[in-house]
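I have placed the structure first, in the form of structure tokens, so that the comments after it can refer back to it.
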Amino acid sequence: MIANGGYVMARIVTVSGPDVSPHHLELLRSHGYQVRLVSDDSDREELRNALSDAWGHVLGGNEYLDRELLAAASCLRVISYVGTGYSSFIDTAAAREFQIQTCSTPRLMVGAVVEHTIGLLIGAQRRLFERNSTLKSGGVCEDTSLELSRREIGIVGLGAIGEEVARVLVQGFRANVSYYSRTRHVRHEETLGVTYKSKDDLIKSSDVIILLIPSTEETRHFLGPREFNIMKKHVTLINTAGPWLVDADALLAALNADIVSTAAFDGFFSEPPYTGAEDTDRLLTLPRERVIVTGHTAARTPETWDRMLNKSIENLVAAEELDA
């Protein structure tokens, strides 16, 4: 609450996202906030107007808050992101410059993202997407596919999600799993039976590469021309961490050269993905089974979304106490 000339004014909190329920809006109101819902189809000017006098913003949509929008939001003090990896949705340097707190909801999405990652892997590795398209178009599937237990699987990033993906693959599928991480996890090597490799050694030796590191400026184009050139042939690439970890032009060349057989993404270089003549990366013009895309939905289960929204509201309240 803000005192203004003897009157107590409720702080305005804007909320975005497709699955915000009346329960979550009431939860915010119960903490004394004036709630303003930002619709999914709001254009830039509508978003700017909504944020103009807002103290906090619960970011559950796909909007990107760039420097210009943050500069115009002169009252904004907190952005509570629903999820992790908010640097894809917030100009973090500008947020720091304007002294806007940013917070997220780590670990709450682990189970859902692990399921989605394993689902994409099985679908790509066992050629389920390809066989579905072939049969529906009147074709016959006579080819074979390899079991995960016969693949060399390399995981990039052994954080909470990477650890659980490794556990499922080793214990559930008896897969041979290696990992690369800036920090070596000796305990996980012992308990999970995974092997640490350098970045280049992992890329050279893996039949499957799973990207599970944060998408930041530092990790942008983690896989570029050099990395694709040292890969085996017919690699399966799974990326549920962020599209910009991969150089799109280099991936296209690797797909055309059969270095990569299938690339599966959760979240694409533009959302919604371009199609046809608008496909500037030309990746979506390849056969459907070569490039598989889901729309940044790995964590979008009702259970996970409810937990993350509740936590984002908790974060907002905690930030107000610090800002009091």
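The values are calculated or read from the model by the stated rules, or taken from the named source; none is laboratory data. Note that the structure is predicted; figures quoted are calculated from it, not measured. Cβ atoms come from the backbone with ideal geometry, glycine included; neighbour counts cover every protein chain shown.
Structure notes:
- Assessment of region 94-112 against the conditions (farther than 20 Å from S215 by Cβ and among the hydroxyl-bearing types (S, T, Y)) yields no matching residue.
- Selection within region 48-88 - in a strand (DSSP E or B) and not small (G, A, S): H57, V58, L59, L65, V78, I79, Y81
- From the options S145, S215, S178, residue that is in contact with a Gly (Cβ under 8 Å, 6 or more places away or on another chain) and under 19 Å from A124 (Cβ atoms): S178
- Filtering region 151-173 to residues that are β-branched (V, I, T) and surrounded by fewer than 22 Cβ atoms within 10 Å (Cβ to Cβ) leaves V168, V170.
- When S133 is tested against (1) in contact (Cβ under 8 Å) with a residue 60 or more places away in the chain; (2) under 23 Å from A166 (Cβ atoms); (3) surrounded by fewer than 16 Cβ atoms within 10 Å (Cβ to Cβ), just one condition goes unmet, and that condition is (2).
- Selection count, region 125-158, where residues are among the β-branched types (V, I, T) and at pLDDT 90 or above: 3
Condition check ((1) in contact with an Asp or Glu (Cβ under 8 Å, 6 or more places away or on another chain); (2) at pLDDT 95 or above; (3) surrounded by 15 or more Cβ atoms within 10 Å (Cβ to Cβ); (4) basic (K, R)) across all residues:
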{"position": "A175", "(1), (2), (3), (4)": "no, yes, yes, no"}
{"position": "R182", "(1), (2), (3), (4)": "no, no, no, yes"}
{"position": "V194", "(1), (2), (3), (4)": "no, yes, yes, no"}
{"position": "S198", "(1), (2), (3), (4)": "no, yes, no, no"}
{"position": "D201", "(1), (2), (3), (4)": "no, yes, yes, no"}
{"position": "L211", "(1), (2), (3), (4)": "no, yes, yes, no"}
{"position": "S215", "(1), (2), (3), (4)": "no, no, yes, no"}
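- Residue match in region 139-162 (condition: more than 30 Å from S205 (Cα to Cα) and assigned by TED's automatic domain parsing to the domain that holds L212): yes
- Residue in region 92-123 that is surrounded by the most Cβ atoms within 10 Å (Cβ to Cβ), counting only those that are in a loop (DSSP other than H, G, I, E, B) and modelled with pLDDT under 95: M109
To keep it simple, each residue is scored yes or no on (1) surrounded by fewer than 19 Cβ atoms within 10 Å (Cβ to Cβ); (2) closer than 21 Å to D306 by Cα; (3) modelled with pLDDT under 95; (4) of a type in the set (S, T, Y).
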residue: D53; (1), (2), (3), (4): yes, no, no, no
residue: G60; (1), (2), (3), (4): no, yes, yes, no
residue: E63; (1), (2), (3), (4): no, yes, yes, no
residue: L70; (1), (2), (3), (4): no, no, no, no
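- Of the residues making up region 1-18, those that are among the hydroxyl-bearing types (S, T, Y) and at pLDDT 50 or above are T14, S16.
- V246, sole failed condition from (1) under 16 Å from the mean Cα position of the chain (by Cα); (2) in contact (Cβ under 8 Å) with a residue 60 or more places away in the chain: (2)
- Tally, over region 142-151, of residues that are without any contact (Cβ under 8 Å) to a residue 12 or more places away in the chain and either under 20 Å from N239 (Cβ atoms) or not in a helix (DSSP H, G or I) (or both): 2
- Hits in region 248-286 - residues which are touching a helix residue (DSSP H, G or I) at 6+ places or on another chain (Cβ under 8 Å), at pLDDT below 95 and part of a loop (DSSP other than H, G, I, E, B): G267, F268, F269, P273, Y274, T275, D279, D281, R282, L286
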